[in-house]
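K.L.:
Before we start, here is the structure in question, set down as structure tokens.
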Amino acid sequence: MSSAFYLIRKDFVLIKRMLLLFIPYYMIMGYTVMDQYTMFTLFPAMLLLINGCTLDVQQNNQRFLVSLPLQRQDIVRAKYLALFPYALLSFCCTLVLYAAAFALGKIDTPPAWREIALMLLLFLVLASLYLPLHYWLGQKGTQIVNFIFIMLIMLNVSAFNKLLEWFPAAGEWIATGSADHVLPVILLILACMILIYASYLISSRIFIKKDI
Amino acid sequence: MSHCIEMKQISKDYDRFQLHQVNLGIQEGYITGLIGPNGAGKTTLIRMMMGMVHPDKGEVKLFGEEDQLKLSRNKARIGYVSDENIYYEQLTVKQMKKVLAPFYDRWDEDTYQKYEAQFKLPPGKKIKDLSKGMKIKFSLAVALSHGADLLIMDEPTSGLDPVFRRELLDLLSEHIQDERKTILFSTHNTTDLDRIADYIVFINDGRIIFHEMKEALAEQYVLVKGGKELLDRDVRRMFVGVRENAHGFEGLAKERSDVERFFQDNAICETPTLEEIMYFTVKGSAVHV
Amino acid sequence: MNLLISSTSGEPIYAQIVGQIRQMILQGELVSGTPLPSIRQLAKELQISVITSKRAYEELEREGLINSVVGKGSFVSGADPEFIREQRLRVMEGRLKEVIDESRLLGMEYAELAEMLKLLYEEEA
């Protein structure tokens, strides 16, 4: 298990420079589109994931990983476990941004907790689609996959608003949220967990068989 | 004598290249050199040992283990020097060391510091800004700092200046002072091996041509130099490979004593260097195909 | 102990080592009981392969010039002077044979050679 910790730490060492870019990003985005949680919670987390994955295949770095005394599924597992610190990090950033905006008087409503939670869930769903593709396509396909996923998130901003128009009930839940809707929420979380696990199984299967 | 790497009946098909039923056992306690022209399959074999490339058929054992879990743990006992940089280029030498050290239980920071100083590795410099030689020195320092029992090196001397090449040979001899340590290195520069290698594995076009003690090679092979009038069809057949020029021929033959008796004083019989053995074998096999 | 190895001389490296150590022992430069470097140390110092230095030691052992004790290393053997004298005589014979061959090449008669030897011997004394 400690190996997963060191692998994740490795990812953070690599994406350190990207984390510095977060400060101007949040400042600018916070100034322009304060109510878009996609841009604060989902997009940064996804960027971290994509960056961490891309840096692993950029040169022959997967060979380095495989040369370590680890099993291949350990390497894959660490990537999936890294999703949680990524999600946590962008969640914290969102909160900090909100607190700052609130203190400055730019905003006076409480944070939309349910929307934030939904974005985090969406991040996990997107990641579980992204990672098998990353392991399958390797170095050659990474550029295209990255592009598609960033486009997906961009579209998500408008798609999400559309979705709310189609299902007013969902919009209502996000806005108010009431106890009688607990069951679908639990089901949603459960489905998401199953999806991640299935995705992990597929990714490690792909990576184990691969010639690096 | 035990083998620390064992490959049995390994086959692998690529588009333009095949490994054919390779059997190989690397002796514990010795230096084995893997030679062959570029594209012969040296790197593929080494990557199979490291578990990077999977054979289509056959099995690979490291330290007698073939179970996947134990095999991957056993990689801690291997110091690997790749033929190309496998480290994160955007990290500094120091950062990279910090990233990889915790994966090895037997990591010895003092030893690493010693090699860092000896190789004059700049800790603050990014890997991508290191010269090829420096990159190799870094991976060598890493390989020697985690108590590896087996060093597997793919073309470690290419990109090194002659002075450091000699130093490297010293380091390898130093490493092998402990008779449980083993070294396998591939090279196409055979002069490195002429000196210190105990065993030579010669691979050409995906096949192992021979796996011999270097000492025995000199007694087996003979390089014959003589006038062209000696070369009739039967004589040609004695040679592994022949090179002709305006003034005569040079040929490599295998049954040294028979060949020497045959030519007697009509031709010069010499002990071939590894390079000559390699050259004539590759040349000969190209003609026969 | 000085060992000079040439990789271009044509003589196998192990034979060069055997020859030089044998000579040192016979000339009394290495006395009985002197420890020799370990096989691996010798290989390292001469930048030669372990198998080569091992073979050299095995050869010297066969000739009775050195003894190897497991875990302790190799030592110049305590062979009796008579044995060593015999060995040295054999070396001398070899050299004389070389001289004879050389003299034949030059077309010298035995009497001529004997005369030359006598002169040289008296000159030295």
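K.L.:
Can you tell me which of B:47, B:77, B:236 moves the most in a GNM of chain B? Springs connect C-alpha atoms under 10 Å apart.
P.N.:
Answer for the Gaussian network model of chain B: B:236.
K.L.:
Ignore the peptide's own chain and count Cβ atoms of other chains within 10 Å of each Cβ in B:50-63; give me the average, rounded.
P.N.:
2
K.L.:
Let me ask another. Using a 1.4 Å probe, what is the accessible area per residue for the range B:221-288, in Å²?
P.N.:
Normalised by residue count, the accessible surface of the range B:221-288 is 60 Å².
K.L.:
Can I ask one more? Taking the dipole about the Cα centre of the range B:11-104, with the C-beta of Lys and Arg at +1 and of Asp and Glu at -1, give me whichever of B:26, B:69, B:41 is farthest to the positive side.
P.N.:
Of the options given, the answer is B:69.
K.L.:
Determine the shape class of the range C:81-124: with a ≥ b ≥ c the square roots of the Cα gyration tensor eigenvalues, call it rounded for a/c under 1.5, and otherwise prolate if a/b is greater than b/c, oblate otherwise.
P.N.:
oblate
K.L.:
Oh, and also: Which distance in nm do the two modelled labels at residue A:81 and residue B:228 give, with both placed 7 Å along the Cα-to-Cβ direction?
P.N.:
Rounded to a tenth, the inter-label distance reads 7.2 nm.
K.L.:
Let me ask something else about it. How many nm is it between the label spots at residue A:100 and residue A:185, if each spot is 7 Å from the Cα in line with the beta carbon?
P.N.:
About 2.9 nm, to one decimal.
K.L.:
Using Cα atoms only, what is the angle between the long axis of helix A:2-14 and the major principal axis of chain A, expressed in degrees (0 to 90) to the nearest 10?
P.N.:
Roughly 70 degrees, rounded to the nearest 10.
K.L.:
Using a/c under 1.5 as the rounded threshold, could you call the range B:221-288 rounded, prolate or oblate? The axes a ≥ b ≥ c are square roots of the C-alpha gyration tensor eigenvalues, and prolate needs a/b larger than b/c, oblate otherwise.
P.N.:
Because its axes are fairly even, with a/c under 1.5, the range B:221-288 counts as rounded.
K.L.:
Follow-up question, since we're still on this one. Calculate I(q)/I(0) for the protein assembly as shown by the Debye formula, one identical point scatterer on each C-alpha and no solvent, and give its log10 at q = 0.11 Å⁻¹ to two decimals.
P.N.:
With one equal scatterer per Cα and no solvent, log10 I(q)/I(0) is -1.13.
K.L.:
Which whole-number percentage describes the relative contact order of chain C, with Cα contacts under 8 Å and a sequence gap of 6 or more?
P.N.:
Normalised by residue count, the contact order of chain C is 22 percent.
K.L.:
Total accessible area buried between chains A and B, 1.4 Å probe, in Å² to the nearest 100?
P.N.:
That pair of chains buries around 2600 Å² in total.
K.L.:
Quote the charge dipole size of the protein assembly as shown about the Cα centre in Debye, to the nearest 20; the model charges only the Cβ of Lys and Arg (+1) and of Asp and Glu (-1).
P.N.:
Charge dipole, the protein assembly as shown, about its Cα centre: 3000 debye, nearest 20.
K.L.:
Near residue C:118, which lysines are there with a Cα under 21 Å away, not counting those fewer than 8 places off in the same chain?
P.N.:
Excluding near neighbours in sequence, the set is C:97.
K.L.:
Please report, as a whole percent, how much of the solvent-accessible surface of the range B:149-208 comes from carbon and sulfur atoms (probe radius 1.4 Å).
P.N.:
44
K.L.:
Same structure again: Compute the accessible area of each residue in the range B:140-176 twice, once for its chain alone and once with every protein chain present, using a 1.4 Å probe on heavy atoms, and list those whose area falls by at least 20 Å².
P.N.:
Buried by 20 Å² or more upon assembly, which counts only protein chains, are B:170, B:173, B:174, B:176.
K.L.:
Towards the positive end of the charge dipole of the protein assembly as shown, with charges on Cβ (+1 Lys, Arg; -1 Asp, Glu), say which of A:32, A:76, A:89 has the farthest Cα.
P.N.:
Toward the positive end, the furthest listed residue is A:32.
K.L.:
Just the number please: accessible area per residue for chain C, 1.4 Å probe, all protein chains included, in Å².
P.N.:
Per residue, chain C has 67 Å² of solvent-accessible surface.
K.L.:
Residue by residue through the range B:145-161, which ³J(HN,Hα) values in whole Hz follow from phi under the Karplus form 6.51 cos²θ - 1.76 cosθ + 1.60 (θ = phi - 60°), with glycine and proline marked x?
P.N.:
9, 10, x, 5, 8, 10, 9, 10, 10, 9, 6, x, 8, 6, x, 9, 6
K.L.:
Test of the criteria: in the range A:60-160, which trypsin sites (Lys or Arg not before Pro) are in a DSSP loop and have at most 13 other Cβ atoms within 10 angstrom of their Cβ?
P.N.:
Counting only loop positions with at most 13 other Cβ atoms within 10 Å, the trypsin sites (Lys or Arg not before Pro) in the range A:60-160 are A:106.
K.L.:
Please report the equivalent ellipsoid semi-axes of the range B:145-289, computed as sqrt(5 x eigenvalue) of the Cα gyration tensor, largest first, in whole Å.
P.N.:
Rounded to whole Å, the semi-axes are 35, 15, 14.
K.L.:
Could you look at chain A and say what percent of its accessible area is carbon and sulfur, using a 1.4 Å probe and all protein chains?
P.N.:
Ligands and nucleic acids excluded, carbon and sulfur reach 74 percent.
K.L.:
Next question. If amide H atoms are built 1.01 Å from N in the plane of the peptide, which residues on other chains or at least 5 residues away come under 5 Å of the amide H of residue B:204?
P.N.:
Amide H to amide H, under 5 Å and 5 or more residues apart or across chains, residue B:204 pairs with B:209.
K.L.:
Can you give the accessible area per residue of the range A:2-209, in Å², using a 1.4 Å probe?
P.N.:
51
K.L.:
If the only charges are +1 at each Lys and Arg Cβ and -1 at each Asp and Glu Cβ, what is the size of the charge dipole of chain B around the Cα centre, to the nearest 20 debye?
P.N.:
Magnitude of the dipole: close to 960 debye.
K.L.:
Separate question: Calculate how large, on average over all directions, the projected area of the Cα convex hull of chain B is; give the answer in nm² to one decimal.
P.N.:
17.3
K.L.:
To continue, here is another question. Rounded to the nearest 20 debye, what is the charge dipole size of the range C:13-76 about its Cα centre when +1 sits on each Lys and Arg Cβ and -1 on each Asp and Glu Cβ?
P.N.:
The calculation lands at about 200 debye.
K.L.:
Here is a further query. In nm, give the distance between the simple-model label positions of residue A:155 and residue B:111, each being 7 Å from the Cα along the Cα-to-Cβ direction.
P.N.:
Rounded to a tenth, the inter-label distance reads 5.4 nm.
K.L.:
Which is farthest toward the positive dipole end of the protein assembly as shown among B:147, C:34, C:71, measuring Cα position about the Cα centre, with Cβ charges +1 (Lys, Arg) and -1 (Asp, Glu)?
P.N.:
B:147
K.L.:
For the range C:14-23, in order, what is each residue's ³J(HN,Hα) by Karplus, 6.51 cos²θ - 1.76 cosθ + 1.60 with θ = phi - 60°, in whole Hz (x at glycine and Pro)?
P.N.:
4, 5, 5, 5, 4, x, 6, 5, 4, 4
K.L.:
Related question: Between B:264, B:18, B:220, find the one with the highest GNM mean-square fluctuation for chain B; connect C-alpha pairs within less than 10 Å.
P.N.:
Among B:264, B:18, B:220, the largest mean-square fluctuation in the Gaussian network model of chain B belongs to B:264.
K.L.:
Next up: Straight-line reach only, C-alpha to C-alpha below 26 angstrom: list the lysines that residue B:128 could link to, leaving out same-chain residues fewer than 8 apart.
P.N.:
List returned: A:10, A:16, A:79, A:140, B:42, B:75, B:94, B:97, B:98, B:114, B:120, B:137.
K.L.:
Chains C and B: buried accessible surface, both sides, probe 1.4 Å, rounded to 100 Å²?
P.N.:
By this definition, chains C and B bury close to 1500 Å².
K.L.:
With r as the distance between the Cβ atoms of residue A:5 and residue A:129 and R0 = 30 Å, compute the FRET efficiency 1/(1 + (r/R0)^6) and round to 0.05.
P.N.:
For R0 = 30 Å, the calculated efficiency reads 0.70.
K.L.:
Now for a different question. Determine the share of the range C:25-125's accessible area contributed by carbon and sulfur atoms, expressed in whole percent, with a 1.4 angstrom probe.
P.N.:
On the range C:25-125, the fraction of accessible area on carbon and sulfur atoms equals 55 percent.
K.L.:
If only Cα atoms are counted, what is the Rg of chain C, and what is its Dmax, in Å?
P.N.:
Cα only, chain C: 17.9, 55 Å (Rg, Dmax).
K.L.:
From the backbone phi of the range B:251-258, what are the Karplus-calculated ³J(HN,Hα) couplings (6.51 cos²θ - 1.76 cosθ + 1.60, θ = phi - 60°) in whole Hz, Gly and Pro given as x?
P.N.:
x, 9, 10, 9, 7, 3, 5, 4
K.L.:
Moving on to the next point. Say we join alpha carbon atoms closer than 10 Å with springs in a Gaussian network model of chain C; which of C:64, C:33, C:94 then has the biggest fluctuation?
P.N.:
Taking springs between Cα atoms under 10 Å, the residue moving most is C:94.
The values are calculated or read from the model by the stated rules, or taken from the named source; none is laboratory data. Keep in mind it's a predicted model, so treat the numbers as computed, not measured. We place every Cβ from the backbone using ideal geometry, glycine too, and count neighbours over all the protein chains shown. For accessibility, only protein heavy atoms count, side chains too; no ligands or nucleic acids. Shrake-Rupley method; radii C 1.70, N 1.55, O 1.52, S 1.80 Å.
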